[in-house]
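The values are calculated or read from the model by the stated rules, or taken from the named source; none is laboratory data. Here the structure is a predicted model, which is why all the values come from computation and not from measurement. Positions of Cβ are backbone-derived with ideal geometry, glycine not excepted, and every protein chain shown enters the neighbour counts. Heads up: the accessible areas ignore ligands, DNA and RNA and are worked out on the full protein's heavy atoms, side chains in. Shrake-Rupley method; radii C 1.70, N 1.55, O 1.52, S 1.80 Å.
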Amino acid sequence: MTLTQTTTLHNGVQIPLVGLGVYKMQEGGEVEEAIQSALDVGYRHIDTASFYGNEEGVGTAIKQSDVPREELFVTTKIWNDEQGYDETFEAFQRSLDKLGLDKLDLYLVHWPIKGKFKDTWRAMEQLYHEGKVGAIGVSNFMPHHLDELMKDAEVKPMVNQIEFHPELIQQETRDYCKKHDIAIEAWSPLGRGHYFDAPILKQLAEKYNKTPAQIILRWDLHQGVITIPKSSKRKRQEENADIFDFKLTDDEIDKISALDNNGRIGPHPDEMGA
Ligand code: NAD
């Protein structure tokens, strides 16, 4: 297992390539047990959000674990109705208190809320300058949102976390981010399991003696995409981590990407952000 394998963000911060997503995990027992088992498996990167309502459970699990804080990479996100300049400082402190941390590794603007996200970003820049967060970034930003953000930004986002799986490869957004050295993180990397039956995934799973989920996650890594699959089951957490011992060919990577049909699971950023 090489769950400690990292990539470097443009400000020099190291982020583990594979993390555990905790969306829809229940506050309390479920999220605490999921994180305990993930840490035991070797995960060192946890992706939560104030919207998920489970930051306290994430914090409890971190506190109870004997993994040193400096080995962990913890991300949370500011929700839509928390955005705004002053509001961001309050939201940040609320999240830190729930998580029981004094510093965050990555803080993301969850969605590009029109008329708000630039004020939110100014506050995030301040939090970053004050050393309260190791890296700041955005989520669900398309090139036009990033253009708008960067017109006045002092700090370029280090990360853009977007919906990314074989049926939604967001080439334009990824090209833009590559050009600006903004790392891409895949949310719903497994497409919540909707695509495991695709013939190319089944075929490659057979060839490499892996599962379709592992083929998809390996495809993320080949493209330099950080990935945060969610599972509260230890067996699946292990499976999702066991992706470092094989390589797909360029042709196979292209064949998986050819499944793209602009098939979103989540909302379109312009609808959510309006
Ligand atoms: P996902 O693609 O990670 O799929 C999760 C589902 O797949 C779960 O039901 C799980 O039981 C199942 N699964 C996991 N591993 C499996 C395996 N090996 N075999 C078979 N089934 C498996 O979906 P997700 O939870 O939506 O996305 C992952 C994370 O991304 C979230 O937990 C959250 O942290 C983040 N996220 C961010 C945003 C955003 O707007 N920034 C939106 C959604 C999710």
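So which residues in the range 52-78 are charged (D, E, K, R) and in a helix (DSSP H, G or I)? Show your work before the answer.
From the range 52-78, those charged (D, E, K, R) are 55-56, 63, 66, 69-71, 77; that's our starting set.
55, 56, 63, 69, 70, 71 - these are the residues of the range 52-78 that are charged (D, E, K, R) and in a helix (DSSP H, G or I).
Pick from 78, 113, 62: which is open to solvent by 10 Å² or more (accessible area, probe 1.4 Å) and in contact (Cβ under 8 Å) with a residue 40 or more places away in the chain? Let's see the steps before the verdict.
On the way: 78 fails: open to solvent by 10 Å² or more (accessible area, probe 1.4 Å); 62 fails: in contact (Cβ under 8 Å) with a residue 40 or more places away in the chain.
Step by step, each of 78, 113, 62 is checked, and only 113 is open to solvent by 10 Å² or more (accessible area, probe 1.4 Å) and in contact (Cβ under 8 Å) with a residue 40 or more places away in the chain.
Can you tell me which of 192, 264, 234 is within 13 Å of the ligand (Cβ to nearest atom), over 18 Å from residue 47 (Cα atoms) and touching a residue at least 12 places away in the same chain (Cβ under 8 Å)? Spell out how you get there, then give the answer.
Numbers: 192 fails: over 18 Å from residue 47 (Cα atoms); 234 fails: over 18 Å from residue 47 (Cα atoms).
Result: 264 is the single residue among 192, 264, 234 that is within 13 Å of the ligand (Cβ to nearest atom), over 18 Å from residue 47 (Cα atoms) and touching a residue at least 12 places away in the same chain (Cβ under 8 Å).
In the set 242, 250, which member is farther than 24 Å from residue 9 by Cβ, near the ligand (Cβ under 10 Å from one of its atoms), among the acidic types (Asp, Glu) and modelled with pLDDT of 95 or more?
On the way: 250 fails: near the ligand (Cβ under 10 Å from one of its atoms).
So the residue among 242, 250 that is farther than 24 Å from residue 9 by Cβ, near the ligand (Cβ under 10 Å from one of its atoms), among the acidic types (Asp, Glu) and modelled with pLDDT of 95 or more is 242.
In the range 102-132, which residue that is part of a helix (DSSP H, G or I) and among the aromatic types (Phe, Trp, Tyr) is nearest to residue 59 (Cα to Cα)?
Looking only at the range 102-132, we keep the residues that are part of a helix (DSSP H, G or I), and these are 117-129.
Next, from what is left, pick out any that are among the aromatic types (Phe, Trp, Tyr): 117, 121, 128.
Numbers: 117: 27, 121: 25, 128: 21 Å.
Residue satisfying both the conditions and the ranking: 128.
Tell me which residues, restricted to the range 47-59, are of a type in the set (S, T, N, Q) and open to solvent by 10 Å² or more (accessible area, probe 1.4 Å). Steps first, answer last, please.
First, pick out the residues of the range 47-59 that are of a type in the set (S, T, N, Q): 48, 50, 54.
The answer is 50, and nothing else.
Sort through 106, 96, 72 and tell me the only one that's within 22 Å of residue 146 (Cα to Cα) and either hydrophobic (A, V, I, L, M, F, W, C) or in contact with a Cys (Cβ under 7 Å, 6 or more places away or on another chain) (or both). I'd like the intermediate steps shown before the answer.
On the way: 96 fails: within 22 Å of residue 146 (Cα to Cα); 72 fails: within 22 Å of residue 146 (Cα to Cα).
The match here is 106.
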